[in-house]
1. Roughly what would the spin-label model give for Glu450 and Glu464, points 7 Å off Cα along C-beta, in nm?
2. Sorted by average packing, counted as other Cβ atoms within 10 angstrom per residue and highest first, what order do 271-279, 489-497 take?
3. Quick one: work out the % antiparallel among DSSP beta bridges in the chain, nearest 5.
4. Going by Cα centres, the stretch 258-272 and the stretch 460-511 are how many Å apart?
5. Gap in Å between the Cα centre of the stretch 398-417 and the Cα centre of the stretch 141-176?
6. For His239, what accessible area in Å² do you get when you roll a 1.4 Å probe over the heavy atoms of the protein chains, rounding to the nearest 10?
7. For the ranges 151-163, 505-517, 183-195, what's the packing order if you count other beta-carbon atoms within 10 Å of each residue, average per peptide, and put the highest first?
8. Report, by chain and number, residues whose modeled amide H sits under 5 Å from the one on Asn219, excluding near sequence neighbours (fewer than 5 apart, same chain).
Amino acid sequence: MSTSTPSKPEQATAKAGKPQTYGNYINGRQVKSESGETFASYNPAKNDEVIGYFPLSTANDVKAAVDAAHKAFPAWKATPAPHRAEIILKAAHLLEARKEELAQTMVREMGKVLKEARGDVQEAIDMAKFMAGEGRRLIGQTVPSELPNKFAMSIRQPLGVVGLITPWNFPVAIPSWKSLPALVAGNTVVLKPASDTPLCALMYVEILNEAGLPPGVLNLVTGSGSKVGNALIDDPRVHAISITGSSEVGRKVAGRCGELMKKITCELGGKNAICVMEDADIELALEGALWGAFGTAGQRCTAASRVIVHKDLYKDFCDKFKKRTEALKVGYGLNPEIEVGPVVNKEQLETVKKYVEIGKAEGAKILCGGNAITTGDCANGYFHEPTVFIDVKANMRIAQEEIFGPVTAVIPVGSFEEAIEVANGTEFGLSLSMYTQNINRAFKAIEELESGIVYINAPTIGAEIQLPFGGLKQTGNGHREAGSACIDFYTEWKSVYIDYSGRLQKAQIDTDSLLAAE
Ligand code: NAD
């Protein structure tokens, strides 16, 4: 943590070399925090490389951002939705033009490998195109009235200023999932990004502004979760909060929003599972398990941190899984050959190491991996070997708690029914997958798996933005991101009745006389 006074903020770019000092983004420009203090964002693969310095903001900085968003709201709300959408479409094209720059910045700031970082930016591009289309829909309803000469419809209206709190694991995609539907629906936004990935978020916000958002419509404030987050939640002009993060933080934020009667959507932790039945295509399942467990070094909310395998192919599966896991190339993600990057920071590495010890103490066996990597190209980063535990029991902590690292637990089961029971047997419900070639089992799994997302013959990761995204149980509080479904969170329904009969008509009462007259 640095406490130096920031120099004049420069535009956010991915220039290597001497790290720049950046500002918050308020009312169409970068501004310094009133605190004058900054924190550093580091490269998790080379922890002596500072990516940039960012404001350690105060409650007054949040107030300034909310002031700007509040002031910008009436004109933005009055802008026709198709015009708002045009700006978002332009942003899609700007994101496309800067995709490589953003992706490389993401590798340096967050650690995911280049191919995946490009995918993260692509997700924001897809979302921008999809939401641009939504600007010409924002669908309401017209329904028949029970009374004559009366028209009944519902329309959507924006909420006002919304506060968005985002994690580091999808540093561009998640800010886009939240901000783009909010903006197309006519809300103004204050975004508080994770402190591990502020540069990615700032670049994203600047691109949206460059696309033509009026000043104040989309603002960004960096700093500590509790200080910035709480100031945002507590400001009475902020009408809704959308947070993606850990269940622990989500519960706190939801609790406070509940006290304030504030609309809140939580997208939280997961303990996802791939089930591999005895009739599965084993090669396909192995590929899926490898990608699901170790993509993004296991730091996806949808990561396959459990692999539930039928006993008839358990030994064969474990032998092959070991070979493939050991062949994964771990290292700095800017090298295109690398398949698994570092975890995001020291704390995350310590969590992974702690869970490896917990797994051993619980009696699970390490099939491969199990150690942090501290040599060669990995010596200055937060690297951990892709790790597979086998002979795991469904109730062990490593099979119940989110680890968020390159560790997966293989659990043997004796039947399809047991696989479903084990898959459903955690407090989370985000993404579950079934590998089987039996169509009846596939449909049974779709029906019985308790999660917001189900995959058949594909791993637990890889959602597309045109369908709803979110989870059940402790993973979320019932709302969905992405797809057209996400618009529901960012709009209020208004029901409108237009009586053109010229007389007082009483619903539920006059209908009796109408029926009697027939
Ligand atoms: P985190 O909970 O530590 O932080 C998330 C955000 O909340 C950050 O911006 C943080 O600064 C902020 N925050 C922290 N304390 C706060 C407080 N008291 N008040 C307000 N804001 C606060 O999570 P993380 O480590 O950034 O991300 C990893 C977690 O996110 C994992 O649990 C993962 O499963 C989850 N996640 C969920 C989804 C989903 O869609 N379900 C997607 C991605 C990540």
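1. The two pseudo-label positions are separated by 3.0 nm.
2. Sorting 271-279, 489-497 by mean packing, highest first, produces 271-279, 489-497.
3. That works out to approximately 45 percent antiparallel.
4. 18
5. 37
6. Using a 1.4 Å probe on the heavy atoms, I get roughly 90 Å².
7. Numbers: 151-163: 19.6, 505-517: 10.6, 183-195: 26.6.
My ranking of the peptides, most packed first, is 183-195, 151-163, 505-517.
8. It is Val189, Val190, Leu191, by chain and number.
The values are calculated or read from the model by the stated rules, or taken from the named source; none is laboratory data. Model, not experiment: these values are computed from the prediction. Quick reminder, even Gly has a Cβ in these numbers, built from the backbone with ideal geometry, and neighbours come from all protein chains shown. The protein model used for the area step is the full one, side chains on, heavy atoms only, and it has no ligands, DNA or RNA in it. Shrake-Rupley method; radii C 1.70, N 1.55, O 1.52, S 1.80 Å.
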